[in-house]
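Down below is the structure, laid out as structure tokens.
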């Protein structure tokens, strides 16, 4: 049997607190913590305008792709990436070996402020996740709880 | 490895479509995107070249309610099949939960199929994973073409590991068995995490699950 690491309600509340505080200080619009495989771990902010799942997948890819660039100049990886747009921008920074933090922000704030606060926030997030990974308990469900019906149905339009 | 979020009651799984160049991985995702209930899917994102060859990956998020009390999110990815993009394939494989290996059934593609399969095993081992421990199904695609290898031969060439994998004859361009393949890998994946996973749900099938006979169209006289 395999178990899935569990993000408990308490863990989620702690992460929400850390990320909420970060958004308040920076006036950024959205921040998302993802693993390097592109899975969303936690998110905070205005999520209506954006598909966070897609952003997470693309950001993980973007972050990983630049790793090779970093190696060419003798770095293990770039700790942070900044994508500048006309009105909206994205800042990504490494949390730990498994995790990345993405921040989307507009003209109300600056990249300097986001960069400044993201360092401390990443440390706090890393502490929570370290506890999560070191905890022995994982989640596995009962076989009877899994639907026997096909998961996906071919649905002619 | 995914994380389960108890607050939002969500579980995320990552399924990667792997295989040689031009075997039909993106076609699988296109068909699924086209045919699945729009309420259960997000946007299909393709990072492709101007000639529609996959450059980085294709990505399709799907939602389902298959575990009591949880929303299950499946994230489908394809890898670029071209040999030169191995570093990208390694990136896409990161944290993978399930794999659909898409093989091209044409005789002249057998060597590429085998190379790609070996490449998959090598790339999994780089992240300390093994194909024997990873939920995986085989898809023998393009069964409608004239110059295809018999299923028994493909089984002999590709499905010869310690663990016999479920395999499917597929025509991804028309969608035949595309959903069957996806459902099979999803179920294997879900049962891996269930408490009774030591008792496998159904033994691997000895032969590939066939496609329905294709409906031949009469050419106009």
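The values are calculated or read from the model by the stated rules, or taken from the named source; none is laboratory data. Note that this is a predicted model, so its numbers are computed, not measured. Quick reminder, even Gly has a Cβ in these numbers, built from the backbone with ideal geometry, and neighbours come from all protein chains shown.
If you go through segment A:121-130 and keep only what is within 14 Å of chain B (Cβ to nearest Cβ) and without any contact (Cβ under 8 Å) to a residue 40 or more places away in the chain, you end up with just A:130. In the set (1) in contact (Cβ under 8 Å) with a residue 40 or more places away in the chain; (2) in a strand (DSSP E or B); (3) surrounded by fewer than 21 Cβ atoms within 10 Å (Cβ to Cβ), residue B:47 fails one condition alone, (1).
Summed over segment A:7-41, the residues that are touching a helix residue (DSSP H, G or I) at 6+ places or on another chain (Cβ under 7 Å), at pLDDT 90 or above and over 21 Å from residue A:89 (Cβ atoms) give a count of 3. Here residue A:91 qualifies as closer than 15 Å to residue A:28 by Cβ and in contact with a strand residue (DSSP E or B) (Cβ under 8 Å, 6 or more places away or on another chain). Restricting attention to segment B:50-71, the residues being more than 10 Å from chain A (Cβ to nearest Cβ) and either surrounded by fewer than 19 Cβ atoms within 10 Å (Cβ to Cβ) or out of contact with any helix residue (DSSP H, G or I) (no Cβ under 9 Å at 6 or more places or on another chain) (or both) number 6.
Here the strands (runs of 3 or more DSSP E) wholly within segment A:1-120 that include at least 2 residues being away from every other protein chain (no Cβ under 12 Å) and crowded, with 21+ Cβ neighbours inside 10 Å are A:30-35, A:89-96, A:99-105.
In segment B:72-79, the count of residues that are farther than 21 Å from residue B:190 by Cβ and surrounded by fewer than 21 Cβ atoms within 10 Å (Cβ to Cβ) is zero.
If we scan segment B:99-109, do we find a residue that is surrounded by 19 or more Cβ atoms within 10 Å (Cβ to Cβ), within 14 Å of chain A (Cβ to nearest Cβ) and either touching a strand residue (DSSP E or B) at 6+ places or on another chain (Cβ under 6 Å) or more than 22 Å from residue A:100 (Cα to Cα) (or both)? Yes, there is a match, as at least one residue in segment B:99-109 is surrounded by 19 or more Cβ atoms within 10 Å (Cβ to Cβ), within 14 Å of chain A (Cβ to nearest Cβ) and either touching a strand residue (DSSP E or B) at 6+ places or on another chain (Cβ under 6 Å) or more than 22 Å from residue A:100 (Cα to Cα) (or both).
Has segment B:87-97 got any residue that is within 12 Å of chain A (Cβ to nearest Cβ), free of Cβ contacts under 8 Å to residues at least 60 places away in the same chain, surrounded by fewer than 17 Cβ atoms within 10 Å (Cβ to Cβ) and touching a helix residue (DSSP H, G or I) at 6+ places or on another chain (Cβ under 8 Å)? Yes, because at least one residue in segment B:87-97 is within 12 Å of chain A (Cβ to nearest Cβ), free of Cβ contacts under 8 Å to residues at least 60 places away in the same chain, surrounded by fewer than 17 Cβ atoms within 10 Å (Cβ to Cβ) and touching a helix residue (DSSP H, G or I) at 6+ places or on another chain (Cβ under 8 Å).
Filter segment B:121-148 for residues that are in a loop (DSSP other than H, G, I, E, B) and in contact (Cβ under 8 Å) with a residue 40 or more places away in the chain; which is farthest from residue B:15 (Cα to Cα)? Among residues in segment B:121-148 that are in a loop (DSSP other than H, G, I, E, B) and in contact (Cβ under 8 Å) with a residue 40 or more places away in the chain, the one farthest from residue B:15 (Cα to Cα) is B:147. Does residue B:155 satisfy being touching a strand residue (DSSP E or B) at 6+ places or on another chain (Cβ under 6 Å) and at pLDDT 85 or above? In short, no. In this structure, does residue B:17 turn out to be outside any strand (DSSP E or B) and within 23 Å of residue B:188 (Cβ to Cβ)? So residue B:17 does not fit the description; no.
Take the residues in segment B:14-40 that are touching a helix residue (DSSP H, G or I) at 6+ places or on another chain (Cβ under 7 Å) and within 9 Å of chain A (Cβ to nearest Cβ), then tell me which one is nearest to residue B:172 (Cα to Cα). It comes out as B:31. With A:63, A:91 as the choices, which residue is modelled with pLDDT of 90 or more and within 20 Å of the chain's Cα centre (by Cα)? On inspection, the qualifying residue turns out to be A:91.
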